[in-house]
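Comments concern the structure below.
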Amino acid sequence: MQVFTTTDGVVRVDRRGATLLAGLKSLDDVLAAGEWDHLPRYPAGRSVNLDALTVRPPVQPTNIVLVGLNYRSHADEIGEPIPEAPLFFPIGSVGVLASGGVIPPPPSAPNQVDYEGEIGVVISRSAYQVARADAWAYVAGLTPVNDVSARDMQIAAAKQGDIAGVLGSKSFPGFKPLGPGILTTAHDHADLQLTTSVNGELRQQANIRDLLFDVPTLIEAISANIELHPGDVICTGSPSGVGAASGRFLVPGDLIEITLGDLPPLRNVFGQG
């Protein structure tokens, strides 16, 4: 099942088609009310054409948690060792952008902006010190995320050991597009494909099975010290093919498209400044 937050309300897409769910304004409202598990049975309103609606970010997270070096291919392409345990950094709720929105170049670091297509894990209920075996019970579903980064700022800060600067390079307005929808846990996640293209050229391709640390392992590690809230998003890391590895950074007008399974693509243009 796929679910979307639109300007018209919540849309559910299943074998019966796309329907607007009566009385629901956003998926955040569903999560806050503890009603996520009831979505498959929630009364449907009218049938809709999803392509004709304006999507919003599926959720507005309180916290976004970034995971680093979670694909061997990406660690190899940037010359970093494989971590022995998950590397993760919470960045708050900054930069969320809907599919279709324009990613604005940051005035202070506009020249080496890079994409990172990632699998985002949306948390369904408060999660603290969750055991790996129980982790999927705390997941609403998965969504595409673009972990946009200003690489020159990131690299300079990393050389100085400035973690705040590294996180700042990923926290500009519009630097965390996500959506357009969520694949719920009723969907089969065992063989999900992730792709990223720029102007129609395939740049990244991976499978959820390629994660060095899978979703339950990440939730256990992160929730050991951080309480995750309904609607929070874990960005599970980038596979190989980022622009920094080849020096192919985004330029104004570039169209970035990220697909996850059979969800519609997350589409955003890097802006004109």
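Hey, any hits in the stretch 108-120 for a residue that's touching a residue at least 12 places away in the same chain (Cβ under 8 Å), surrounded by 17 or more Cβ atoms within 10 Å (Cβ to Cβ) and either touching a Cys at 6+ places or on another chain (Cβ under 6 Å) or outside the structural domain of residue 185 (by TED's automatic domain parsing) (or both)? Looking through the stretch 108-120, at least one residue is touching a residue at least 12 places away in the same chain (Cβ under 8 Å), surrounded by 17 or more Cβ atoms within 10 Å (Cβ to Cβ) and either touching a Cys at 6+ places or on another chain (Cβ under 6 Å) or outside the structural domain of residue 185 (by TED's automatic domain parsing) (or both). Only strands (runs of 3 or more DSSP E) whose full extent lies in the stretch 1-106 are considered here, and the ones with at least 2 residues that are over 20 Å from the mean Cα position of the chain (by Cα) and at pLDDT 95 or above are 17-21. Among the residues of the stretch 215-267, those that are over 22 Å from residue 94 (Cβ atoms), of a type in the set (Ser, Thr, Tyr) and more than 14 Å from the chain's Cα centre (by Cα) comprise 217, 240, 246. Select from the stretch 245-266 the residues that are in a strand (DSSP E or B) and either polar (S, T, N, Q) or buried (at least 19 other Cβ atoms within 10 Å of the Cβ) (or both) and list them in ascending order. Once the filter is applied, which keeps residues that are in a strand (DSSP E or B) and either polar (S, T, N, Q) or buried (at least 19 other Cβ atoms within 10 Å of the Cβ) (or both), the stretch 245-266 yields 256, 257, 258, 259, 260, 266. Of the residues making up the stretch 99-127, those that are under 21 Å from residue 194 (Cα atoms) and either in contact with a Gly (Cβ under 6 Å, 6 or more places away or on another chain) or among the charged types (D, E, K, R) (or both) are 99, 103, 114, 116, 118, 122.
The values are calculated or read from the model by the stated rules, or taken from the named source; none is laboratory data. If you're wondering where the values come from, they're calculated on a predicted model, not measured in any experiment. Please note: Cβ atoms are built from the backbone with ideal geometry, for glycine as well, and neighbour counts cover all protein chains shown.
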